[in-house]
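S.K.: Below are the structure tokens for one structure; questions will follow.
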Amino acid sequence: MKDGFPIAMGYFAVAFTLGIASKKAGLSAIQASLMSAMMLASAGQFAGIEMIAGGAGYLEMAMTTMIVNLRYLLMSSALSQKIERGKPFYHRLLMAYAVTDELFGISISVEGRLNPCYLYGAASVAAPGWVLGTFLGAVIGMILPLRVMNALNVALYGMFLAVVIPASKKSKIVAGVVIASMVTSALFSVIPGLREISSGFQMIILTVLLAGISAILFPVKEEDEHEA
């Protein structure tokens, strides 16, 4: 829960802008809050709200949201390999709800095997921050000055840095992969043909490519664990 508190603060700030966007799209504060409670996915929610505002159909919204959120498939796969051996299957179903970029970042950084209760504890603080931010953004967000709104939008990027930098300091390999990810992502955004690929598929391609190369060049041996 202690590790989830900084994430909750960042979520609150970003969700505030999400609440404002929801209100502009015609959603009530309750509807926006329910969306945030049932789908912890910032980019996916913003995409969904934009499509609601544009009058898109259900199938189009579902497909777009799925593509935007494809990165969570890779994160879930990684966490499924890190979870403590012998844990009942239902833990994987419960953990799936809380697989976000930030919660994944702190969970995958845990030394050794991951106890599902760690993710539950972090999510129990972070998720309410996301929902509360959405609600208040929809209720009172429109009265805030523009400068304050722009500042809130930056919070999520600061949170990403807080997750990535400590791990990069511990390992030169991780730092190298992070830099390579930034460079290749920038290239994808400017090279004709590649920049037309949706952000969700870009994330999948870059993750598989860079993670695969890193695994081949710098393999990590799994430690034998004997758990009760």
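S.K.: Tell me, what ³J(HN,Hα) does each residue in segment 166-181 have, in order and in whole Hz, if you take phi through Karplus 6.51 cos²θ - 1.76 cosθ + 1.60 with θ = phi - 60° and put x for Gly and Pro?
M.R.: Rounded to whole hertz, the list is x, 5, 5, 5, 6, 9, 5, 5, 4, 4, x, 5, 4, 5, 4, 5.
S.K.: Could you pull out every residue, at least 5 positions away or on a different chain, whose amide H is within less than 5 Å of the one on I83? Hs are placed 1.01 Å off N in the peptide plane, and Pro or chain starts have none.
M.R.: Residues meeting the criterion, in which the H sits 1.01 Å from N, are L114.
S.K.: What list of ³J(HN,Hα) values in whole Hz, one per residue of segment 72-87 in order, does the Karplus curve 6.51 cos²θ - 1.76 cosθ + 1.60 (θ = phi - 60°) give from phi, with Gly and Pro shown as x?
M.R.: 5, 4, 5, 4, 5, 4, 5, 5, 5, 7, 9, 4, 4, 5, x, 6
S.K.: Still on this structure: Taking the Cα centroid of segment 52-66 and of segment 100-138, what is the distance between the two, rounded to the nearest whole Å?
M.R.: Value for the Cα centre distance between the two parts: 26 Å.
S.K.: Just check segment 16-86 against the gyration tensor rule for me: Cα atoms, a ≥ b ≥ c as the square roots of the eigenvalues, rounded for a/c under 1.5, and otherwise prolate or oblate depending on whether a/b exceeds b/c.
M.R.: Cα axes put segment 16-86 in the prolate bin.
S.K.: By average Cβ neighbour count within 10 Å, what is the ranking of 118-126, 94-102, 190-198, 10-18 from highest down?
M.R.: Ranked from most to least packed, the peptides come out as 10-18, 118-126, 94-102, 190-198.
S.K.: Quote to one decimal, in nm, the extra length available between L217 and V148 on full extension: 0.36 nm per residue of separation minus the C-alpha distance between them. Walk me through the intermediate numbers first.
M.R.: On the way: separation 69, 0.36 × 69 = 24.84 nm, distance 4.49 nm.
Fully extending the segment from L217 to V148 adds 20.4 nm.
S.K.: Relative to the present Cα-Cα distance, how much length would full extension add between R113 and E60 at 0.36 nm per residue of separation?
M.R.: Residue separation times 0.36 nm, minus the Cα-Cα distance, leaves 15.2 nm.
S.K.: With an 8 Å Cα cut-off and a minimum separation of 6 or more residues, compute the relative contact order for segment 69-217 in percent.
M.R.: The normalised contact order for segment 69-217 reaches 26 percent.
S.K.: Just to be sure I understand: with springs between alpha-carbon atoms less than 10 Å apart, which residue in A138, A62, A21 has the highest mean-square fluctuation in the Gaussian network model of the chain?
M.R.: Comparing A138, A62, A21 in the GNM, the peak value goes to A62.
S.K.: Report the full-extension gain for the segment S198 to Q31: residue separation times 0.36 nm, less the Cα-Cα distance, to one decimal in nm.
M.R.: Taking 0.36 nm per residue and subtracting the Cα distance, the gain is 57.4 nm.
S.K.: Right, here's the next one. How would segment 69-117 be classified by its alpha-carbon gyration tensor: rounded, prolate or oblate, with rounded meaning a/c under 1.5 and the a/b versus b/c comparison settling the rest? Don't jump to the answer; show the numbers that get you there.
M.R.: Values: a/c = 1.80, a/b = 1.25, b/c = 1.44.
Oblate is the answer for segment 69-117, as a/c is 1.5 or above yet b/c matches or exceeds a/b.
Here, each number is a calculation from the coordinates, and none is a lab measurement. None of these values were measured; they are calculated from a predicted model. Every residue, glycine among them, receives a Cβ derived from its backbone with ideal geometry; neighbour counts consider all protein chains shown.
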